[in-house]
Amino acid sequence: TTALAEEDWADNWKKYYEPARITHDLTIVPSWTDYEATAGEKIIKLDPGMAFGTGTHPTTKMSLFALEQVLRGGETVLDVGTGSGVLSIASSLLGAKEIFAYDLDDVAVRVAQENIEL
């Protein structure tokens, strides 16, 4: 066996989580990172914490692409299993009028609320 150095795994992942341009208009930026948006770029500030939804998972990327194609402004969006709230935040940035976000996980609900306030 090999002894490993003790690390804070709850925060260690943050050093690998960097800004990511996901779609033509949407870029996900960790909440602890300074980032200067370019013209027309919509920024999703996010701290996923222990909730699902960094924005880089293939299904999340596909959903963000779909939202960018479909939303024109004024829509109502239902985000079931919101996780970090990334899709709800993107919907708001893309012009949705009303967004309902739900999750069964209390941690996800708290994280989504915190991210929406960023």
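Values in this text are rule-based calculations from the coordinates and carry no lab data. Remember, predicted model here, so these are calculated numbers, not experimental data. Counting neighbours? That spans all protein chains shown, and the Cβs are built from the backbone with ideal geometry, glycine included.
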Problem set entry | Values of log10 I(q)/I(0), in the order q = 0.10, 0.15, 0.23 Å⁻¹, for the chain under a Debye, Cα-only, solvent-free model | -0.31, -0.65, -1.42
Problem set entry | For the stretch 44-111, the Rg and Dmax computed from alpha carbons only, in angstrom | 11.3, 32
Seminar exercise, completed: Ordered by number, the GluC sites (Glu not before Pro) in the stretch 3-87 that occupy a DSSP loop and have at most 14 other Cβ atoms within 10 Å are 6, 7, 36, 41
For this session: At a Cα cut-off below 16 Å, give the aspartates and glutamates reachable from residue 14, other chains included and same-chain residues fewer than 8 away excluded.
Result: 34, 47
Exercise. Roughly what % antiparallel, to the nearest 5, for the DSSP beta bridges in the chain?
Worked result: 15 percent
Exercise. Do the alpha carbons of any pairs in 15/42; 15/45; 42/97 sit beyond 20 Å of each other, and which pairs?
Worked result: 15/42
Exercise. Tell me, what HN-Hα J-couplings in whole Hz come from the Karplus equation 6.51 cos²θ - 1.76 cosθ + 1.60 at θ = phi - 60° for each residue of the stretch 45-61, using x for Gly and Pro?
Worked result: 7, 8, 10, x, x, 8, 8, 6, x, 7, x, 9, 5, x, 5, 5, 4
Seminar exercise, completed: So, relative contact order of the chain in percent, Cα under 8 Å, 6 or more apart, is 22 percent
